[in-house]
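Okay, structure first, notes after.
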Amino acid sequence: MPINNIVQGEIFTVRIYKRLEGQEWANSYEVQATDASSDPIISIGLLRTWLVGLERAIHLAEVFFDRITISTYQPDSRPYDPTRFVSFPIFLPGQRARSGDALTLAICLFVRRETNFGRSGKLLYRGVLQEGDVAGYRSAMLTSSITTLQNAINTAWSARPAFWRLVMASGVPTPTDVREVVNLGVSAFTTVKKLDNRYFDRAP
């Protein structure tokens, strides 16, 4: 179904694009509508406010949030159907204050998408960590930094709109496996991903 006619159970893909020092990257999410929407504009607005707020809460202040895109799970049709994709500018910075030197963008915060069944998923966030967050072999996260970031995520998670739930969806062209994400958990270890890794640089 198109974005302007949201039905119960419909799954959408959301991407949030960020920039820093000439680099651009995006994080992707799948979300599911818990009910049909009588006003898709309001429903989409609640979704983008929530996810952008969640990401801004953990990203360093010099990270620039450029735009958010929301699209139907099924790839855009041919010919082009404008009701299956929408893009909104953000133009806001991250909200995490920096107290020391930032780590390279290749070093990512690893957040687990926890589910009730099956393997957890991954969220890898660039532009979050600074030298005071890590120590030791494999850049292990300090307990204090884990607590700070987890508290920020928990606060944002508690504000998620009832109309939407975060999920992990797979299957082509329509989702055949959908699992609800019940929590986001900060890992004790960072993950290194080169800047041109396809995990981030997916076409909108």
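The values are calculated or read from the model by the stated rules, or taken from the named source; none is laboratory data. Since the structure is predicted, the reported quantities are computational estimates derived from the model, not experimental observations. Cβ atoms come from the backbone with ideal geometry, glycine included; neighbour counts cover every protein chain shown.
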**Study point:** Pick from region 67-111, criterion within 16 Å of V128 (Cα to Cα) and of a type in the set (D, E, K, R), ranking: surrounded by the most Cβ atoms within 10 Å (Cβ to Cβ)
**Key:** R96
Exercise for review: Please verify whether region 123-133 includes one or more residues that are under 29 Å from L47 (Cα atoms) and either of a type in the set (S, T, Y) or in a helix (DSSP H, G or I) (or both).
Suggested key: yes
Review point. Does D177 fit the bill of being at pLDDT below 90 and among the charged types (D, E, K, R)?
Key: no
**Study point:** Positions within region 1-28 being hydrophobic (A, V, I, L, M, F, W, C), assigned to a loop (DSSP other than H, G, I, E, B) and surrounded by fewer than 19 Cβ atoms within 10 Å (Cβ to Cβ), in sequence order
**Key:** M1, V7
**Study point:** Tally, over region 35-76, of residues that are under 30 Å from L103 (Cβ atoms), without any contact (Cβ under 8 Å) to a residue 40 or more places away in the chain and part of a loop (DSSP other than H, G, I, E, B)
**Key:** 1
Revision key, fill the gap. Subset of region 155-191, residues among the small types (G, A, S) and outside any strand (DSSP E or B), comes to A156, S158, A159, A162, G171, S187, A188
Review point. Is it true that V31 is buried (at least 19 other Cβ atoms within 10 Å of the Cβ) and either among the β-branched types (V, I, T) or at pLDDT below 95 (or both)?
Key: yes
Study note, to complete from the structure: If you go through A156, A162, the only one that is more than 15 Å from A26 (Cα to Cα) and crowded, with 16+ Cβ neighbours inside 10 Å is A156
Check your understanding: How many residues are touching a strand residue (DSSP E or B) at 6+ places or on another chain (Cβ under 7 Å) and not in a strand (DSSP E or B) when one looks only at region 100-122?
Key -> 9
Practice item. Kindly indicate which of Q95, Q32 is over 21 Å from L149 (Cβ atoms) and touching a residue at least 24 places away in the same chain (Cβ under 8 Å). Key: Q32
Check your understanding: Does A102 satisfy the criteria of being of a type in the set (A, V, I, L, M, F, W, C) and without any contact (Cβ under 8 Å) to a residue 12 or more places away in the chain?
Key -> no
